[in-house]
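The block underneath contains the structure these notes are about, expressed in C-alpha cells.
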Amino acid sequence: MERAEAYGFSGAMSGSFLLSCLLFAAVSRRQRGPYMDEVFHVPQAQAYCHGHFLQWDPMITTPPGLYLLSVGVVKPAAWLLGWTGSVVCSVGMLRFINLLFSAGNFYLLYLLLFKIHQKNKAVSGFQRILSALTLAMFPTLYFFTFLYYTDPGSAFFTLFSYLMCLYGNHKTSALLGFCGFMFRQTNIVWTVFCAGNVVAEKLNEAWKIELQKKRDEKISSRKGSFSDLTRVLQFLVEYLLSPKNLVTLTALTWPYIILVSLFFVFVFVNGGIVVGDRSSHEACLHFPQLFYFLSFTGFFSFPHLLTPTKIRKFLLSLRKHPVQYSLITVISLFLIWKFTYVHKYLLADNRHYTFYVWRRVFQRHELVKYLLVPFYIFAGWSFADTLKSKSIFWILMYFVCLLAVTVPQKLLEFRYFILPFLIYRLNIPFLSLYRQLLELAFYILVNALTFYVFLNRTFQWKNSDEVQRFMW
C-alpha cells in the first residue's frame, strides 16, 4: 500500500467509523431496550456474562459464537476500565460489539479487493478504497451493525477465512471458518467455498494444459456454448476420478475437510442443523430463492448489471440462442409452480420489508410470480456475465455454494443473501469511477431512508403497547 493510499484508507475508515458511532448513539437513544431478535440474543449474552453457560433459550437457533465472543470482549474491557453493575453487559455495550465488527469488515473488504484484483494495474488505490467503503455500507449488512444480531460477526469471520484462503493459510482459514460456523451454521458452505477455491485453481491449471494439448480444437474454458460446457464437465469428472489428483487435492484442503467432517458429526449428534426451535426453520427445496437472490443482487448492483450495453448484449444473446432461453423459461416456470413456499413469518410479521414486497408484488395476482421470469432470466444472465473474468471452475463452485446457502431456506429473508452477495461483489471487475460513485450514493440513500423509517416511522399493534419499527 502506497503512502497516499494508506492515508486515504485511514481517513475513509476513521470517517465511516465516526459516522457509525453517531448513528449508533441515535439508534441507542431511540431504541434502548432489545428489539426483534434481540429479545432472545441479549438475555442469552447476559446469562453468559453472569457465568451461566449451561443456560440456553430454546428459541435461539444459532450456535453460541456471538455470546461467547461478547463475553470475551466485554468482561476484560470492564475489568480494565473499572466498569461494574448493569453497564457491563447492557444492551448498548453488547450492540457496540457489532460496531467493532463493522470496522473490521471494512478493513477485510479492502484487503480482499486488493488481493483479488492485484493483477489489474488499471485499478487505482482510490477505487479500491471507494469500493471497500461502498461494500462496508451495504445496506442489509450495515443496518444490523446497530443491533445485537449475528450478521456482522458472521460476515467478519467468513470474510477473514476467505482472505486467509486466498493467501494460502488454509489451517488459519479453516479455524476462522469454524468461528464463522459458531455464528451461523450455514457458514459451513463458505468453508466449502474456500476449499473449492483451492480445487478450482488446480483444475484451471490442468485445464490450461489440456487446452494447450488440443489447441487445434480451439476449446475455451470461458466460452458459453453448450458443447464447451460439456467438455469442461467431462474433464472435471475425469480429473476428480484420478486417485493421484484426489490425493493432491486432499493434501491441500485437509483443514477444510476436517471442519466439514466435524459439521456432519454436529448434525448427527444434534439431530439436524438447527439449534433450539426447529418448528419455524424447516429445510425444503425452495428453488425460487435463487430468483429472489438474483433480484436482490440486481437491485443493489444495478450500476454493474443494468447498463445499456448489457441490455443490448442480452437481446443479441436472445436472438442467437432462442431454444436455450425457451428451455430456461420453461424450467423456471416449473420451479416457481412446484417449489414456491410461503413461510408463516413472511405473512404475519409486518415489521420486515419482505412482508411488503410479498404483499404488494407477489400477492397482487397469482400470475405475478410467473410474469417476473423474464426479469429473473435477464438478472441471471447479467449476473453470470459479470463473472466471466473468473474461470469456469470457480463459477461452477460458487454457483453450487450459492444454491446450497439459499435454496434450502423456506423463509424469504434478505439477511440470508448478505454473504453470497459480498462474495459475488468482491469478485466482479471494477466499474468506472462514475459508476462506483453512483453505487456508493445509492447505498447512502438507501441507508438514510432505512434509518429514518426505523427511527421515526414507528407504529403499534392493536394488542400491544410496545413501539414497533420497520426494518430489513
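With +1 on the Cβ of every Lys and Arg and -1 on the Cβ of every Asp and Glu, and nothing else charged, how large is the dipole of the chain about its Cα centre, in debye rounded to the nearest 20?
Values: 44 positive and 22 negative charges, 260 e Å.
Charge dipole of the chain: 1240 debye, to the nearest 20.
Accessible surface for W381 stands near 50 Å², nearest 10, in the context of the full protein assembly shown (1.4 Å probe).
Return the subset of K320/K388; K208/K310; K213/K244; K338/K369; K213/K313; K119/K213 for which the Cα-Cα distance in this structure is over 23 Å, preserving the input order. From the list (K320/K388; K208/K310; K213/K244; K338/K369; K213/K313; K119/K213), the Cα-Cα distance tops 23 Å for K208/K310; K213/K313; K119/K213. For the range 261-356, place one equal point scatterer on every Cα, skip the solvent, and apply the Debye formula. What is log10 of I(q)/I(0) at q = 0.10, 0.11 Å⁻¹? Rounded to two decimals, the profile gives -0.50, -0.59. Principal-axis analysis of the Cα atoms of the chain puts helix 392-406 at an angle of about 40° to the longest axis. Distance from the C-alpha centroid of the range 443-472 to that of the range 107-155: 26 Å, rounded to the whole angstrom. In sequence order, the range 313-325 has phi-based couplings of 4, 5, 5, 5, 5, 4, 5, 7, 10, x, 5, 4, 5 Hz under the Karplus curve 6.51 cos²θ - 1.76 cosθ + 1.60, θ = phi - 60°, and Gly or Pro positions carry x. Placing pseudo-labels 7 Å out from each Cα toward the beta carbon at W358 and E2 gives an inter-label distance of 5.1 nm.
For the chain, the longest principal axis of the C-alpha atoms and the axis of helix 188-213 are separated by about 20°. A crude spin-label estimate for the pair N120 and N169, with each label 7 Å from Cα along the Cβ direction, gives 2.5 nm.
Which trypsin sites (Lys or Arg not before Pro) in the range 411-472 sit in a loop by DSSP (not H, G, I, E or B) and have at most 15 other Cβ atoms within 10 Å of their own Cβ? Present the calculation step by step, with values, prior to reporting the outcome.
Working: sites: R415, R425, R435, R457, K462, R469; in loops: R457, K462, R469.
Passing sites in the range 411-472 are R457, K462.
Counting only protein chain heavy atoms and rolling a 1.4 Å probe, the accessible areas of K208, K213 rank, largest first, as K213, K208. Of P64, P139, V42, whose Cα points farthest to the positive end of the dipole of the chain (charges on the beta-carbon: +1 Lys, Arg; -1 Asp, Glu; origin at the Cα centre)? Farthest towards the positive pole: P139. I want to verify the translational diffusion coefficient of the chain in µm²/s; compute it with Stokes-Einstein, Rh as the Kirkwood radius over Cα pairs, at 4 °C and 1.567 mPa s. Using the Kirkwood radius from Cα pairs, D works out to 54 µm²/s.
Using r as the Cβ-Cβ distance of K338 and A404, and R0 as 25 Å, what FRET efficiency do you calculate, to the nearest 0.05? Write down the numbers at each step before the final one.
On the way: r = 20 Å, r/R0 = 0.79.
In this case the efficiency is close to 0.80.
At q = 0.12, 0.13 Å⁻¹, what is the log10 ratio I(q)/I(0) for the range 282-431, with the Debye formula run over Cα points and no solvent? Cα-only, vacuum Debye calculation for the range 282-431: -0.53, -0.63.
Angle between the Cα long axis of helix 418-427 and the longest principal axis of the chain, 0 to 90 degrees, nearest 10? Helix 418-427 sits at roughly 50 degrees to that axis.
The values are calculated or read from the model by the stated rules, or taken from the named source; none is laboratory data. All of these numbers come straight from a predicted model, not from anything done at the bench. Reconstructed Cβ throughout: ideal geometry from the backbone, glycine too, with neighbour counts over all protein chains shown. Remember, those area values only see protein heavy atoms, side chains included, never the ligands or the DNA or RNA. Shrake-Rupley method; radii C 1.70, N 1.55, O 1.52, S 1.80 Å.
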